[in-house]
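The values are calculated or read from the model by the stated rules, or taken from the named source; none is laboratory data. The shown structure was predicted, so the numbers you read here are calculated from the model rather than taken from an experiment. With ideal geometry, Cβ positions are generated from the backbone for all residues, glycine too; neighbour counts draw on all protein chains shown. Note: accessible area is taken over every heavy atom of the protein model, side chains too, but ligands, DNA and RNA are not part of it. Shrake-Rupley method; radii C 1.70, N 1.55, O 1.52, S 1.80 Å.
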Amino acid sequence: MYTEKVMDHFQHPRNMGEIENASGVGTVGNAKCGDIMRIYLDIDENQIIQDVKFKTFGCGAAVATSSMATELVKGKNIREAMEVTNKAVMEALDGLPPVKVHCSLLAEEAIHAALWDYAEKHDIKIEGLSKPKSDIHEGEEEEEEEY
Ligand code: FES
């Protein structure tokens with residue numbers, strides 16, 4: 001059911017953990033399965049992603065896709081990181097079973113949410129990046145109704 005690469009990243013996840021004082025943090029959740037993923041980005045003054053870590057409370061495919069996604073964005077600049085879509089992550093893993101495709105979306109959304117956090121803190125715009133839909137805040141912020 002799973003490719004060797006998926007199994008490898010699931011059993012030996014790369015870049016698991018957290019970054020203190022990260023340049024950008026994004027947390028997203030999947031309403032259907034309840035799984036949660038958080039991505040931390042350390043971005044330097046040239047907008048290069050120097051380090052990236054993730055934490056995932058989720059299924060094996062979510063762990064594998066977060067692991068692969070962090071490998072793919074590391075060393076890239078913030079615009080190149082936008083090209084790390086769930087499709088790119090799935091391709092890098094040699095595919096996922098159809099019922100697990102939504103898990104890879106979580107990785108893309110978490111990266112976007114972390115980039116959004118970085119962009120907001122630095123008052124910049126990243127082309128093609130829009131406000132994350134499912135960013136989860138940890139209680140210290142009031143949820144604003146925007147619509
Ligand atoms: Fe929820 Fe995979 S089943 S992320």
*asked:* Quick check on this structure: which one of S66, S104 is modelled with pLDDT under 95 and under 11 Å from the mean Cα position of the chain (by Cα)?
replied: S104
*Quick check: is even one residue across segment 20-32 assigned to a helix (DSSP H, G or I) and farther than 23 Å from M82 by Cα?*
no
*Would you check which residues across segment 1-39 are among the charged types (D, E, K, R) and modelled with pLDDT of 95 or more and list them?*
E4, K5, D8, R14, E18, E20, R38
*Tell me which residues, restricted to segment 2-32, are open to solvent by 50 Å² or more (accessible area, probe 1.4 Å), touching a residue at least 60 places away in the same chain (Cβ under 8 Å) and within 13 Å of the ligand (Cβ to nearest atom).*
Y2, A31, K32
*Those residues of segment 76-109 which are under 20 Å from E127 (Cβ atoms) and in contact with a strand residue (DSSP E or B) (Cβ under 8 Å, 6 or more places away or on another chain), in sequence order*: K76, N77, I78, A81, E109
_Any helices (runs of 4 or more DSSP H) falling wholly within segment 59-111 and containing at least 3 residues that are farther than 20 Å from G17 by Cβ and either away from the ligand (no atom under 13 Å from the Cβ) or open to solvent by less than 30 Å² (accessible area, probe 1.4 Å) (or both)_ = 78-81, 86-92
*Can you pull out the residues in segment 17-66 that are touching a strand residue (DSSP E or B) at 6+ places or on another chain (Cβ under 7 Å) and of a type in the set (G, A, S)?*
G17, A22, S23, G24, G26, G29, G58, A62, S66
*Determine, yes or no, whether K131 is touching a strand residue (DSSP E or B) at 6+ places or on another chain (Cβ under 7 Å) and not small (G, A, S).*
no
